[in-house]
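*Asks:* Below is one structure. I have some questions about it.
The values are calculated or read from the model by the stated rules, or taken from the named source; none is laboratory data. Please read all numbers here as calculations on a predicted model, not as lab measurements. So basically every Cβ, Gly included, is an ideal-geometry build from the backbone, and we count neighbours across all protein chains shown.
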Amino acid sequence: MSSWVRAHTNIALIKYWGKENEELIIPMNHSLSLTLDAFYTDTKVLFDDSLNQDELVLDGVLQGHESLKKVQVVLNRVREMAGISSHARVESINHVPTAAGLASSASGLAALAGAASHAAGLSLSEKDLSRLARIGSGSASRSIYGGFAEWIKGYDDKTSFAVPVDDADWDIGMLFIVVNDAKKDVSSREGMRRTVETSPFYDGWLQTVDGDLTNMKEAISKRDVYTVGEIAERSALKMHATTLGAIPPFTYWSAESMKAMDAVRQLRKKGYAVHFTMDAGPNVKLICKASELAELKRLLSEHFDTSRLIEARPGPGLHVLTR
Ligand code: 2P0
């Protein structure tokens with residue numbers, strides 16, 4: 001059994017930042033995200049007795065040991081659950097608009113969880129798919145669902161998984177400002193580890209997450225895009241503040257990121273319900289009304305090349321493709 005499975009990426013509105021257990025990827029805090037239509041990964045897995053080792057082909061290119069490691073965490077768990085020992089060939093295609101540089105482990109590992117379990121003949125619940133995706137990459141646990149999803153932190157492998165919150169079938173969208181920056185990144189794995197271990201601001205981060213989450217869920221239930229954005233922007237700024245206190249200190253912001261944040265503040269002054277969020281990289285993502293995406297894109301094109309402005313709307317959960 002071998003089918004293509006598609007998962008869309010998600011952007012956290014309440015960020016996941018820090019691990020309680022690195023091996024199982026149990027986070028330090030709950031998080032909440034919106035799955036998007038614009039970026040997704042298609043993956044197919046074949047367990048084959050004739051293979052001598054696992055293989056990962058990403059966008060047509062055979063990958064080395066480093067990329068294979070995360071994938072094998074998921075494959076090994078699936079083999080264990082299904083009682084099989086064959087190696088696997090994993091084919092994966094990332095659908096990301098050109099020049100975006102937004103390769104995502106969220107959609108990648110969620111699609112892998114779906115494709116590998118399907119190929120092994122397992123029929124897992126969404127909760128168990130979320131747990132399986134989680135051990136590959138934390139944010140992937142949320143990409144099992146369309147719309148808004150909450151990753152409940154839990155305390156062990158069984159209790160840490162995402163649940164759906166709202167289908168987001170209302171007037172909300174995101175506009176990506178893709179910042180061109182050649183700066184070498186601190187990976188999110190390393191960034192989280194360093195802030196948890198060394199930043200005196202990390203405790204401050206943890207203290208306000210639950211309050212932000214409660215308020216966020218209320219704003220979502222009221223379909224209040226302004227408040228959703230306001231809480232998300234604050235959550236992102238608090239997460240990024242922890243990195244400045246780490247030893248050694250680091251930041252994911254570039255000068256262009258700050259220019260983008262400033263542009264968002266100017267749009268807000270003009271009356272638009274728009275806020276921003278940022279992840280472990282310099283790109284800036286706007287939270288706004290889907291019905292205003294085109295207008296905001298036009299206004300921002302005065303400051304940024306239109307090829308760097310990408311519209312996104314709420315996207316669907318994990319699904320098997322029939323073709
Ligand atoms: C998030 N990020 O909630 C946060 C906000 C980045 C900043 O999840 O180590 O690739 O594989 O669990 O999921 C990016 O980290 O990290 C991330 P691992 P992941 O979206």
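*Asks:* Would region 195-206 turn up any residue that is among the hydrophobic types (A, V, I, L, M, F, W, C), surrounded by 22 or more Cβ atoms within 10 Å (Cβ to Cβ) and either under 22 Å from Asp37 (Cβ atoms) or within 16 Å of the chain's Cα centre (by Cα) (or both)?
*Replies:* No.
*Asks:* Does Lys127 count as within 13 Å of the ligand (Cβ to nearest atom), in contact (Cβ under 8 Å) with a residue 12 or more places away in the chain and closer than 19 Å to Ser33 by Cβ?
*Replies:* no
*Asks:* Same structure, new question: Filter region 241-254 for residues that are under 23 Å from Leu175 (Cβ atoms) and either in contact with a His (Cβ under 9 Å, 6 or more places away or on another chain) or buried (at least 20 other Cβ atoms within 10 Å of the Cβ) (or both) and give the result.
*Replies:* Thr251, Tyr252, Trp253
*Asks:* Related question: Any residue at all in region 85-94 that is free of Cβ contacts under 8 Å to residues at least 40 places away in the same chain and within 16 Å of the ligand (Cβ to nearest atom)?
*Replies:* There is no residue in region 85-94 that is free of Cβ contacts under 8 Å to residues at least 40 places away in the same chain and within 16 Å of the ligand (Cβ to nearest atom).
*Asks:* Something else: If you check Phe148 against the conditions, is it in contact (Cβ under 8 Å) with a residue 60 or more places away in the chain and under 19 Å from Val284 (Cα atoms)?
*Replies:* For Phe148, the condition - in contact (Cβ under 8 Å) with a residue 60 or more places away in the chain and under 19 Å from Val284 (Cα atoms) - is not met.
*Asks:* With a cut-off of at least 2 residues that are within 16 Å of the chain's Cα centre (by Cα), name the strands (runs of 3 or more DSSP E) lying wholly within region 1-119.
*Replies:* 5-14, 31-48, 87-95
*Asks:* Determine if region 219-226 includes at least one residue that is touching a Ser or Thr at 6+ places or on another chain (Cβ under 8 Å), of a type in the set (Lys, Arg), surrounded by fewer than 19 Cβ atoms within 10 Å (Cβ to Cβ) and touching a residue at least 12 places away in the same chain (Cβ under 8 Å).
*Replies:* First, pick out the residues of region 219-226 that are touching a Ser or Thr at 6+ places or on another chain (Cβ under 8 Å): 219.
Subset that is of a type in the set (Lys, Arg): none.
No - not one qualifying residue is present in region 219-226.
*Asks:* Exactly one condition in (1) touching a strand residue (DSSP E or B) at 6+ places or on another chain (Cβ under 6 Å); (2) within 16 Å of the ligand (Cβ to nearest atom) is not met by Ile177; state its number.
*Replies:* Of the numbered conditions (1) touching a strand residue (DSSP E or B) at 6+ places or on another chain (Cβ under 6 Å); (2) within 16 Å of the ligand (Cβ to nearest atom), the odd one out for Ile177 is (2).
*Asks:* Could you grab me the full set of residues in region 2-32 that are within 18 Å of His319 (Cβ to Cβ) and out of contact with any Phe, Trp or Tyr (no Cβ under 6 Å at 6 or more places or on another chain)?
*Replies:* Once the filter is applied, which keeps residues that are within 18 Å of His319 (Cβ to Cβ) and out of contact with any Phe, Trp or Tyr (no Cβ under 6 Å at 6 or more places or on another chain), region 2-32 yields Ser2, Ser3, Trp4, Val5, Ala7, Asn10.
*Asks:* Here's another thing I want to ask about it. Within the set of pairs 6 or more residues apart or between chains, which connect a residue that is surrounded by fewer than 12 Cβ atoms within 10 Å (Cβ to Cβ) inside region 285-307 to a residue that is in a strand (DSSP E or B) with Cβ atoms less than 7 Å apart?
*Replies:* none
*Asks:* Continuing with the same structure: How do the helices (runs of 4 or more DSSP H) wholly within region 181-299 filter down when requiring 2 or more residues that are within 29 Å of Ile26 (Cβ to Cβ), at pLDDT 95 or above and touching an Asp or Glu at 6+ places or on another chain (Cβ under 6 Å): which remain?
*Replies:* 225-244
*Asks:* Starting from residues that are over 23 Å from Asp169 (Cα atoms) and of a type in the set (Asp, Glu), keep the ones in region 1-51 and report whichever is nearest to the ligand (Cβ to nearest atom).
*Replies:* By that ranking, first place goes to Glu22.
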